[in-house]
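These notes are about the structure you will find just below.
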Amino acid sequence: MEKQSIKQPSKYNFAFLDEGSKREIRRKTLKAVAIPGYQVPFASRELPIGRGWGTGGLQLTLSLIGRGDTVKVIDQGNDDSVNAVSIRKLIEDTSDIATTEDTEEATLIQSRHRGPEEKLKNGQVLVLQVPQPEPLRKVERKEQLTRRLHAEMDYSAIWLTLYESVVKWGSITLGADYPVLVHDRYIMAPSPIPRWDNPKLHQAEHLTL
């Protein structure tokens, strides 16, 4: 008689994070969606992944996924990079939800350094890993001053930086992490995706976080 294997219950809470942490991140996410382009900080939780390797984006993903979701993880435009495989395995081990390498099947896509080639549709969520979320950090090191610049919509320093590039080199030399203006209000860093990926985010049907 064949022995049937009994599935062992997960040693982790669903999607790793505790429910209180997920609620706090979801609240901050709702605020970010309500004020497009505005940076909404949240307290980072401990994860079994080194900081700077997608922990912020991963916490968004873990707080948003449900049992009916299908997740795709991309790193450097590839599903099989070490970072993508590690994040996908953590999601699988702690949530037991479906993962995929097919963009059209995914309800949530987490990506670093590239946007998906396929056009995303309504109902899909794209989570971008952003190692340096403050776009003004290149022109102003102090957090207190960058917040004031955002509040006053004073982006002259960053426009000047782009203009100087044109004057010096004949074109803008910034190839990735190119700043974008959202709803004619906030300058935002869309992650180190190439600047030619930025138009995919414009008036898109999907939600980008």
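Computed quantities for the displayed model
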| item | result |
| --- | --- |
| Kirkwood Rh and Cα Rg combined as Rg/Rh, the chain | 1.02 |
| Peptides ranked, highest mean first, by Cβ atoms within 10 Å: ranges 32-45, 187-200 | 187-200, 32-45 |
| Mean residue ellipticity (222 nm) of the chain, computed from DSSP H runs ≥ 4 via -39,500 (n - 2.57), nearest 500 | -9500 deg cm²/dmol |
| Carbon/sulfur fraction of accessible area - the chain, other protein chains in place, 1.4 Å, % | 54 percent |
| Of Lys22/Lys72; Lys28/Lys89; Lys11/Lys31; Lys28/Lys142; Lys138/Lys200; Lys72/Lys138, those spanning more than 28 Å from alpha-carbon to alpha-carbon | Lys11/Lys31; Lys72/Lys138 |
| Where the chain is the region considered: accessible area per residue in Å², 1.4 Å probe | 60 Å² |
| Unit charges on C-beta of K, R, D, E only; dipole of the chain, Debye | 680 debye |
| Longest site-free stretch - the chain; sites: GluC sites (Glu not before Pro), DSSP loop, at most 13 other Cβ within 10 Å | 47-116 |
| Long-range HN-HN contacts of Ile74 with modeled amide H, under 5 Å | Gln110, Ser111, Arg112 |
| 4 °C / 1.567 mPa s Stokes-Einstein diffusion coefficient of the range 112-209, Kirkwood radius on C-alpha pairs, µm²/s | 89 µm²/s |
| The range 1-114: proportion of alpha-carbon pairs further apart than 17 angstrom, % | 59 percent |
| Positive-end residue of Asn122, Leu207, Ala34, charge dipole of the chain with Cβ unit charges | Ala34 |
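The values are calculated or read from the model by the stated rules, or taken from the named source; none is laboratory data. Fair warning: this is a prediction, and the values are worked out from it, not measured in the lab. Note that each Cβ is placed from the backbone with ideal geometry, even for glycine, and that neighbours are counted across all protein chains shown. Remember, those area values only see protein heavy atoms, side chains included, never the ligands or the DNA or RNA. Shrake-Rupley method; radii C 1.70, N 1.55, O 1.52, S 1.80 Å.
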